[in-house]
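Heads up: the structure comes next, in C-alpha cells.
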Amino acid sequence: MISQITGTGAPAAAGANLILQMVMGVALLAGAALARMKKYVAHAICQSTVLLINAIAIACLMWPSFHRTVLPRLPNRWRRAYYIWPIAHGALGAVAEVFGLYIALVAGTNLLPESLKFRGWKFWMRFEVALWWLVLLTGLGTYLYWYTAVPLP
C-alpha cells in the first residue's frame, strides 16, 4: 500500500518513513506558527514530539539502513551519487537531531549551566527549522535516487 502512495517499488518501511518525515516537517512549521502565536507550551510539545519521533525513526529505520547499505561500501565508493545522497542526509540529520536535543535542553530544562545556553532564540529556532528542511530534502533526494527510475545528479 505504501508503494502505491509513493509510486515506487521501495520497501514499505522506506516509504512509510518518507511519509512520516514529511508529516513531521509540516508539524515543525505548525510548531513554529504556535510560537508566533505565543502558545509556547503547545510549541514545545509539538517540537519535542517531532524530535522524539525522529530519534526513534533514526534508531529503528535510518541508521540500520545506512549501516547495512552505505557504511560497508564507503572506503571505495563514497564519491558515487548513490552514496553521497545518504552521506549528506545522515551528516546533516545528525547535526539537526543533536542541535534539536540541545535546544530542548536549553528551553525546557535547567540541566545546562548558563554559560552553555544560547541567546537569540528566534535565530536559532529558525536555523533549526531550516536545517531540518534541508535534511528532509536530502532524505527525499536519497529516496528518489535509490527507488525511482530517474536518479538525481
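The values are calculated or read from the model by the stated rules, or taken from the named source; none is laboratory data. All values reported here derive from a predicted model rather than from experimental measurement. Heads up, the Cβs are rebuilt from the backbone with ideal geometry, glycines too, and the neighbour counts pull from every protein chain shown. Note: areas computed on protein heavy atoms with side chains; ligands, DNA, RNA excluded. Shrake-Rupley method; radii C 1.70, N 1.55, O 1.52, S 1.80 Å.
Overview of results
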quantity	calculated
Axial C-alpha extent at least 30 Å, average Kyte-Doolittle at least -1.0 - helices from the chain (DSSP)	12-36, 81-108, 121-147
Computed E for Lys38/Thr148 - FRET, C-beta separation, R0 35 angstrom, nearest 0.05	0.25
Carbon/sulfur fraction of accessible area - the chain, other protein chains in place, 1.4 Å, %	72
Extended-chain gain in nm, criterion 0.36 nm per residue less alpha-carbon gap, Arg79 and Val98	4.3 nm
Average accessible area per residue (Å²) across segment 64-153 - probe 1.4 Å, nucleic acids and ligands excluded	63
From the coordinates shown, Kirkwood radius over Cα pairs in Å corresponds to which of (1) 20.5; (2) 16.7; (3) 17.4	(2)
Against the rule of thumb 2.2 N^0.38 Å, how large the Cα Rg of segment 97-153 comes out	1.60
Protection proxy ranking, peptides 52-59, 99-106, 66-73, 140-147, average beta carbon neighbours within 10 Å, highest first	140-147, 99-106, 52-59, 66-73
Test item: Cα-centred dipole of the chain, Lys/Arg +1 and Asp/Glu -1 on Cβ, debye	260
Accessible area of Cys60 in the full protein assembly, 1.4 Å probe (Å², nearest 10)	90
